[in-house]
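Chemist: This is the structure I have questions about; it appears just below.
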Amino acid sequence: MRTQVLIIGGGPAGLLLSQLMHRQGIDTLVLERRSRDYVLARIRAGVLESGMVDLLREAGVGERMDREGIVHEGTYLALSNRGFRIDFKQLTGGSVMVYGQTELTRDLYQARDAMEGQVLHEVGRVQIHDLDTDSPHVTFTKDGRAQRIDCDYVAGCDGFHGVSRKTIDPAVLREFERVYPFGWLGILSQTPPVSEELIYASHERGFALCSMRNQNLSRYYLQVSLQDSIEQWSDDAFWDELKRRIPLAAAESIVTGESIEKSIAPLRSFVAEPMRWGRLFLCGDAAHIVPPTGAKGLNLAASDVYYLSRALQQHYNDNDDHGIETYSATALSRVWKAERFSWSMTRLLHRFPDQSPFDWRMQQVELEYLESSVAAQTSLAENYIGLPY
Ligand code: FAD
Ligand code: PHB
């Protein structure tokens, strides 16, 4: 078997790249370790930057998103009982779209099926070979049988735990990491959202976030200790703690209900350099992780795909390799800025175990400054809606 671009990983990055390539007449094949049902059951991101929204439309998968997604022109920040709004529209002219990663992934699979795109699920032992030559190939097992696919390029879209990054020569690869001393406990509940816009709440007891998927599906998060387990957090305990951390008006009006999903995610900042090694490109979580506080993870996967899809189009359609040669530097420049923003939002809004009274005052005054300064709000807003591609 042979393809032009072999894509490892059938998450949002891999599927979107495959979809954009096929619309340019470039052949791809996607290898995914899990079943489609498993991939679609993962509850993850919910906020799309407008650059990503445009890219999804360009890929021909924007129709349901445009119908069901909710445009948000601002967000609330809160400190204990006091909240204030950051008006994206007024400050920057921009907005974001609330549309779940699960729905988006479903749309991408449907579009791939409609174009008869090849996605092989439940493949095992994926290995990449001969990346430093002009003819790399990938081996894997499917239904117990060993298989081989030859290709021009490999796109490593296989997430943080994938094989692609690990294939890069250790003498070349550099990794930068910060692991945070807490996690996020998230629940999904079939209840109307407490607020029309998201609420990011800083509180002495820890951070809390009120988000949503649609008018009757809410997503809430609490900062928790990494030692906590899901079993320790009954639904009642979750709601009680959430109400303590968000402003009173929201706590009093929130509609609670049974959770339909509950999980704890650790928080990490991570960047791998370079994002191209020979004929391998890294895209999305395979190359970088951000803590979810800035809602940037999925959006960074999309900007990587944007740069890579342009680079491959130039190569195949115009015989020009400039985009391929500059892919790593171009993608990393945007990645590092989103890393900075996600790290600064995390630092601003969470309680750290080793925090001194001085540090806590600094967080409080930073939020007070943000509340009073149009310049500071503009900076937050332009990063939140997404820096230009
Ligand atoms: P993934 O979605 O991880 O996809 C990688 C795929 O590769 C997976 O399907 C995996 O099964 C497959 N794979 C792995 N190894 C192999 C292998 N060896 N062979 C074949 N296939 C393999 N981001 C935001 O922008 N906004 C948010 O609000 C947000 N909230 C989040 C909340 C939570 C709780 C979590 C966990 C993440 C959140 N993120 C958010 C991050 C976002 O979900 C990720 O950044 C996004 O999924 C990255 O997409 P990806 O395609 O690069 O990687
Ligand atoms: C979500 O809805 O899952 C979500 C929203 C905003 C974030 C993180 C997660 O910053």
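Chemist: Excluding residues fewer than 8 places away in the same chain, name every one of the lysines whose C-alpha is closer than 26 Å to that of residue 262.
Modeler: Straight-line reach from residue 262, under 26 Å: 243, 296.
Chemist: Charges at C-beta only: +1 for Lys and Arg, -1 for Asp and Glu. How large is the resulting dipole of the chain about its Cα centre, in Debye rounded to 20?
Modeler: Here the chain has a charge dipole of around 400 debye.
Chemist: Starting from the Cα gyration tensor of the range 219-320, take the square roots of the eigenvalues, sort them a ≥ b ≥ c, and report rounded, prolate or oblate (rounded when a/c is under 1.5, otherwise prolate if a/b is larger than b/c, else oblate).
Modeler: prolate
Chemist: Let me ask something else about it. For the chain, which whole percent of the accessible surface, found with a 1.4 angstrom probe, sits on carbon and sulfur atoms?
Modeler: 47
Chemist: Could you state the accessible area per residue of the range 220-356 in Å², with a 1.4 Å probe and every protein chain left in place?
Modeler: Per residue, the range 220-356 has an accessible area of 40 Å².
Chemist: Could you sort 339, 196, 261, 73 by their accessible area in this structure, using a 1.4 Å probe and putting the largest first?
Modeler: Working: 339 10, 196 165, 261 45, 73 75 Å².
From most accessible down to least: 196, 73, 261, 339.
Chemist: Something else now. Could you sort 342-349, 372-379 so that the peptide with the highest average Cβ count within 10 Å comes first and the rest follow in order? Spell out each step's value before the answer.
Modeler: Values: 342-349: 19.9, 372-379: 13.8.
Per-residue Cβ counts within 10 Å, averaged per peptide and sorted highest first, yield 342-349, 372-379.
Chemist: Helix 101-114 against the longest principal axis of the chain: what's the angle in degrees, Cα atoms only, rounded to the nearest 10?
Modeler: Roughly 30 degrees, rounded to the nearest 10.
Chemist: In terms of the ratio Rg/(2.2 N^0.38 Å) built on C-alpha atoms, what value belongs to the chain?
Modeler: Scaled against compact globular proteins, the figure is 1.00.
Chemist: Cα centroids of the range 340-389 and the range 139-157: how far apart, whole angstrom?
Modeler: Cα centroid to Cα centroid, the span is 44 Å.
Chemist: For the Cα atoms of the chain, what angle does the longest principal axis make with the long axis of helix 297-318, in degrees from 0 to 90, nearest 10?
Modeler: 30
Chemist: Do any of 166/337; 142/166; 142/337 go past 30 Å between their Cα atoms, and which?
Modeler: On the way: 166/337 24 Å; 142/166 21 Å; 142/337 39 Å.
Pairs exceeding the cut-off: 142/337.
The values are calculated or read from the model by the stated rules, or taken from the named source; none is laboratory data. This is a predicted model, so every value here is computed, not measured. Every residue, glycine as well, gets a Cβ built from its backbone with ideal geometry; the counts of neighbours run over all protein chains shown. What goes into the accessible areas is simple: the full protein's heavy atoms, side chains included, and nothing from ligands, DNA or RNA. Shrake-Rupley method; radii C 1.70, N 1.55, O 1.52, S 1.80 Å.
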